[in-house]
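The structure under discussion appears below in the form of structure tokens.
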Amino acid sequence: MRRELLQVHPRLLAWLRSDAGWPALPLTLRARLAWQAAWGGWNSRLGQQALASESPALRDPVFVLGPWRSGSTAMHELLVAATGLPTPLTWQCMNATAFLLGRPPRNEALSARPMDGLPVGALSPQEDEFALLSLGGDSLYRAFWQPQRASELLPLLQAEHWQAHAADWLPLWETFLHGVLHTLKRVDEPLLLKSPNHSLRWVALRQRFPQARAVWMLREAEAVYRSNLKMWRQMATLHGLHAAPAGALEALLAAALQALALALLEAMVAPQPPVLVWQSRLRESPRETLQEVCAQLALPADTEGPAFQAALATVAQGRADRYEATPLSTEAAAAVAALDSAQAEAWAVFSARR
């Protein structure tokens, strides 16, 4: 995501402007964002009019959940290829205000994600979180833009927030999903959706979609923390309107891992718990892992065809970085321990049920 490629809705602009540091930003930058927001709001209204009023209700989606940097992107790529389910694409998510008014690009130039080198293009499966962010909905990814406000985002880690504010974010998100299906001409099919942020909304999402199915990615917690710290710092450096204060992102990530640990344990006692997959298992045996996941989720799967072969080649290009074992802060160490404990407990429950 480059800042100038993510389209801005007036609701997002209003949040950005609410920061005390907004007036200190260059006038040209503020003017460009205001211009984008004006067009974004206009295009969004026109796009909603383009949606068929008789669009059927959304079917219960299939979700890829788990912490950021846990292998969820690779699982998303492979599940799309194996099942053929419709999913939001990069050109739609990064242009959520206007994609209904245009057409998908005929050619796409792939670029490597800064955090792992995974190739991404306009037609790649993408996180719908970027669409929610662009449209002004609550999202932790606001910290990419204004990392100095990371502490303001802590309520978004609580399941209760998403239940209490469903009327604010759910219509925005569902309208975008209807648009995705509309442009793909697959309005009566279930979507495959991936966003680690959905893990924190899982209680609210289950209330909206009681029959939703999910796969939850697991990874050793210290690697999750260190990989995330690298990613969030990179994103804040590349796209932030302000510099990240010392410790702001570290505190947000420690709190996020604690919240994800709790969300995982709550998900495992729900009527339809997620299928659990370790990132290491997916990396070592992707074909066999996908076959098992699709069988457990009762999804059709083709793991021999050209689409899956191409997806295997794509995810193989991603790198798994190693991190220097520097001492963790007290908060980070506690968060890592909480996530490791929750994953071990959840895995024991999942294994006993198989």
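Worth pointing out:
- With each label modelled as a point 7 angstrom along the Cα→C-beta vector, the Tyr323-Ala243 pair spans 2.3 nm.
- For Ala214, the amide hydrogen comes within under 5 Å of the amide hydrogens of Phe63, Val275, counting only partners 5 or more places away or on other chains and with H modelled in the peptide plane.
- Estimated dipole of region 243-319 in Debye, rounded to 20 [Cβ of Lys and Arg +1, of Asp and Glu -1, Cα centre]: 160
- Between the beta carbons of Thr330 and Leu25, assuming R0 = 45 Å, the FRET efficiency works out to 0.85 to the nearest 0.05.
- Extended-chain gain in nm, criterion 0.36 nm per residue less alpha-carbon gap, Leu265 and Arg17: 85.5 nm
- Each Lys and Arg Cβ is given +1 and each Asp and Glu Cβ -1; about its Cα centre, the chain then shows a dipole of about 740 debye.
- Region 236-270 versus region 295-354: alpha-carbon centroid distance in Å: 17
- Computed from backbone phi with θ = phi - 60° and the Karplus coefficients 6.51, -1.76 and 1.60, the 3J(HN,Hα) list for region 160-168 is 4, 4, 6, 6, 5, 10, 4, 5, 8 Hz; x is used for glycine and proline.
- Net length gained if the chain between Leu184 and Ala109 were fully extended (0.36 nm per residue, minus Cα distance): 24.9 nm
- Reported label for calculated mean projected area of the Cα convex hull in nm² given (1) 20.1; (2) 17.1; (3) 18.2: (2)
- Highest mean packing first, where packing is the average number of other Cβ atoms within 10 Å per residue, the peptides 67-75, 317-325, 132-140 line up as 67-75, 132-140, 317-325.
- Shape summary of region 20-98, radius of gyration then Dmax from alpha carbon positions: 18.2, 49 Å.
- Helical contribution to [θ] at 222 nm, DSSP H n ≥ 4, -39,500 (n - 2.57), averaged over the chain, rounded to 500: -16000 deg cm²/dmol
- Antiparallel DSSP beta bridges within the chain, as percent of all bridges there, nearest 5: 20
- What the Cβ-Cβ distance of Asp302 and Ala98 gives, at R0 = 25 Å and to the nearest 0.05, is a FRET efficiency of 0.15.
- In plain terms, the chain from Arg354 to Gln272 could stretch by 28.2 nm, reckoned as 0.36 nm per residue minus the Cα-Cα distance.
- Relative packing of 345-354, 232-241, which averages over residues the other C-beta atoms within 10 Å, highest first: 232-241, 345-354
The numbers here are math on the coordinates, done by the rules we state, and not lab data. Note that this is a predicted model, so its numbers are computed, not measured. Every residue, glycine as well, gets a Cβ built from its backbone with ideal geometry; the counts of neighbours run over all protein chains shown.
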